[in-house]
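For reference, the structure is listed below as structure tokens.
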Amino acid sequence: MKERIAKSFDIFANKLVQFSQERGRLYWWVFLFVLAFTLVSIAPFPGHSQLPINQNQSEQICLGDPQQEIRGVWLTNVDSDVLFKADQTKEAITLLAKANFNTLYPTVWNWGYTLYPSKIAESFTGLALDPTEGLQNRDILAEMVELGHQQDMRVIPWFEFGFMAPADSELAKRHPQWLTARQDGSTIWWEGKVHQRVWLNPLRPDVQKFMTDLIVEIVSNYDIDGIQLDDHFGYPSELGYDDYTVKLYQQEHQGKLPPTDPQDPDWVRWRADKITDYVETLFHEIKQHNPDAIVSVSPNPQDFSLNSFLLDWHRWERKGLIEELVVQIYRDRHDTFINELEQPEILAAREHIPVGIGILTGLKGRPIPWQRIYRQVKIAREHKFAGISFFFYESLWNLATESPITRQAALKNLLYHQTQHPDVSNCQS
């Protein structure tokens, strides 16, 4: 479109120049007036640019602003006790507020269960809530929303497990037809060589409806600020050879079977595009039920995300399906950390939406020294990203080599003043 306008304008301008030269000075002034009027007419007014993001404009980038910064933290029920007692949850949010955090990403979908009372989950698993002791007779999401908003913090529920579920979960046992598989028919996927997982097939309409209904249930019933999807909203590329997917592929490929190489580029692309189609439908469902709830995504870097988990977040972002991106860059070396920050997909995304960087603060049995965390936050800020989020709450100050008091003081110093979170309206192109 822009090229056609430019070409037409060139032709028009050349004719006017030729005409004015032939007719004299008076007509030259007429030409200049017409030129000025035309330029004013086609120039966009500030703050009203509505061009789609695939125009690749880069006049203004959504860069970091000291007065607006994502300061997030993920809260999970994996290797953490923060969610299992109401007083512990309240204490955690108080500590985070004192440290000047402004965004909470609490898990709400994990281990094949919801961590809030769910009629949808109950209809498919027989249980409306995770049966773990400490979660009963509570609505953790309602608690988090109330406590977080009292502290002027955003609360964006996180669908941590996505399409993944424990192999022995009620969800997997009651709906075996939902599972995707390898070429040999096996479905078990080992996580960390410890946990046996299975993956729901996101290409199936019934699986899609189940996931959409869970998310719509939340955005319709809670005063949340958004929903966050992550790298589990795809599935491992070694899977996808279940009967349903194979038949669907054959229908669209003149009866041919899928490639035997799981990493075949066309096979990867076909499955990733199917997931993208679903996410586009999901995005509009979310907006229909709660226009104010943003869609946040926290994936791995693009190449790994696409080729290992069939999650093409770059295409999601290009299609306008992401309103906040927090890329998990869990790297030990600063040079590899910087290299990931400078990937073209990340740089392209921050032209249009707030892009934060996910930083690992430690895991159970793998503490991260504070100096590494501090340095990575500093690098992210130097590269003018829209903020940071830490994985995860328990390792901020408990699963660490330094004492909790030392880590809390260091975090308060790092996040030394209160700040508002940025949003997509700050990223006018």
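Restricting the first member to region 129-158 and to residues that are of a type outside the set (Ser, Thr, Tyr) and outside any loop (DSSP other than H, G, I, E, B), and the second to residues that are modelled with pLDDT under 95 and open to solvent by 40 Å² or more (accessible area, probe 1.4 Å), the beta-carbon pairs closer than 9 Å and six or more apart or on different chains are ARG154/HIS421.
A single entry from ALA172, ALA121, ALA181 fulfils the requirement of being within 26 Å of the chain's Cα centre (by Cα), outside any helix (DSSP H, G or I) and over 24 Å from GLU91 (Cβ atoms): ALA181.
Does LEU239 meet the test of being at pLDDT 95 or above, within 17 Å of the chain's Cα centre (by Cα), closer than 25 Å to ASP213 by Cβ and of a type in the set (A, V, I, L, M)? When the stated conditions are applied, LEU239 does not pass them.
Table: residues versus (1) over 16 Å from TRP397 (Cβ atoms); (2) surrounded by fewer than 21 Cβ atoms within 10 Å (Cβ to Cβ).
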| residue | (1), (2) |
| --- | --- |
| GLY64 | yes, no |
| GLN67 | yes, yes |
| LEU83 | yes, no |
| ASP87 | yes, yes |
| ALA92 | no, no |
| LYS98 | no, yes |
| VAL108 | yes, no |
| TYR113 | yes, no |
| GLU122 | yes, yes |
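The single condition among (1) more than 27 Å from ASP303 (Cα to Cα); (2) open to solvent by 60 Å² or more (accessible area, probe 1.4 Å) that SER395 does not satisfy is (2). Residues in region 238-286 that are assigned to a loop (DSSP other than H, G, I, E, B), closer than 18 Å to ASN307 by Cβ and open to solvent by 10 Å² or more (accessible area, probe 1.4 Å): GLU238, TYR241, PRO258, PRO259, THR260, ASP261, PRO262, GLN263, ASP264. The number of residues in region 148-194 being open to solvent by 30 Å² or more (accessible area, probe 1.4 Å), among the aliphatic types (A, V, I, L, M) and out of contact with any strand residue (DSSP E or B) (no Cβ under 6 Å at 6 or more places or on another chain) comes to 1.
Of all residues being touching a residue at least 40 places away in the same chain (Cβ under 8 Å) and hydrophobic (A, V, I, L, M, F, W, C) in region 349-373, which is most open to solvent (accessible area, probe 1.4 Å)? Just the residue, please. Step by step, filter region 349-373, then rank; the result is LEU363. Between LEU360, LEU399, the distinction of being within 18 Å of TYR105 (Cα to Cα) and of a type outside the set (Phe, Trp, Tyr) belongs to LEU360 only. Looking at ALA380, is it within 24 Å of LYS319 (Cα to Cα), of a type in the set (A, V, I, L, M) and buried (at least 16 other Cβ atoms within 10 Å of the Cβ)? No; evaluated as a whole, the condition is false for this residue. Only residues that are surrounded by fewer than 21 Cβ atoms within 10 Å (Cβ to Cβ) and closer than 13 Å to ILE224 by Cα were counted across region 135-144, and they come to 2. Taken as a whole, the structure leaves LEU325 outside the set of residues that are over 17 Å from GLN67 (Cα atoms), in a helix (DSSP H, G or I) and either of a type outside the set (Val, Ile, Thr) or open to solvent by 60 Å² or more (accessible area, probe 1.4 Å) (or both). Taking the criterion of being of a type in the set (A, V, I, L, M, F, W, C) and out of contact with any Asp or Glu (no Cβ under 6 Å at 6 or more places or on another chain), the residues of region 156-178 that qualify are TRP158, PHE159, PHE161, PHE163, MET164, ALA165, ALA167, LEU171, ALA172, TRP178. So, in region 287-318, exactly how many residues are in a loop (DSSP other than H, G, I, E, B) and within 24 Å of THR180 (Cβ to Cβ)? Counting residues in region 287-318 that are in a loop (DSSP other than H, G, I, E, B) and within 24 Å of THR180 (Cβ to Cβ) gives 6. Identification of helices (runs of 4 or more DSSP H) wholly contained in region 348-421 with 3 or more residues that are of a type in the set (Lys, Arg) yields 370-382. For region 184-215, the set of residues classified as part of a loop (DSSP other than H, G, I, E, B) and either of a type in the set (A, V, I, L, M) or modelled with pLDDT of 95 or more (or both) consists of ASP184, GLY185, SER186, THR187, ILE188, VAL194, ASN201, PRO202, LEU203, ARG204, listed by residue number.
Output the residues belonging to region 336-345 that are in a helix (DSSP H, G or I) and open to solvent by less than 80 Å² (accessible area, probe 1.4 Å). Answer for region 336-345, where residues must be in a helix (DSSP H, G or I) and open to solvent by less than 80 Å² (accessible area, probe 1.4 Å): THR336, PHE337, ILE338, GLU340, LEU341, GLU345. Only one entry in ALA409, ALA400 is of a type outside the set (Lys, Arg) and in contact with a strand residue (DSSP E or B) (Cβ under 7 Å, 6 or more places away or on another chain), namely ALA400.
Is it the case that PHE391 is among the aromatic types (Phe, Trp, Tyr) and either out of contact with any helix residue (DSSP H, G or I) (no Cβ under 7 Å at 6 or more places or on another chain) or at positive phi (or both)? So PHE391 fits the description; yes.
The values are calculated or read from the model by the stated rules, or taken from the named source; none is laboratory data. Keep in mind the model is a prediction, meaning the values are calculated, not measured. Every residue, glycine as well, gets a Cβ built from its backbone with ideal geometry; the counts of neighbours run over all protein chains shown. Areas reflect the complete protein model, heavy atoms only, side chains present, ligands, DNA and RNA absent. Shrake-Rupley method; radii C 1.70, N 1.55, O 1.52, S 1.80 Å.
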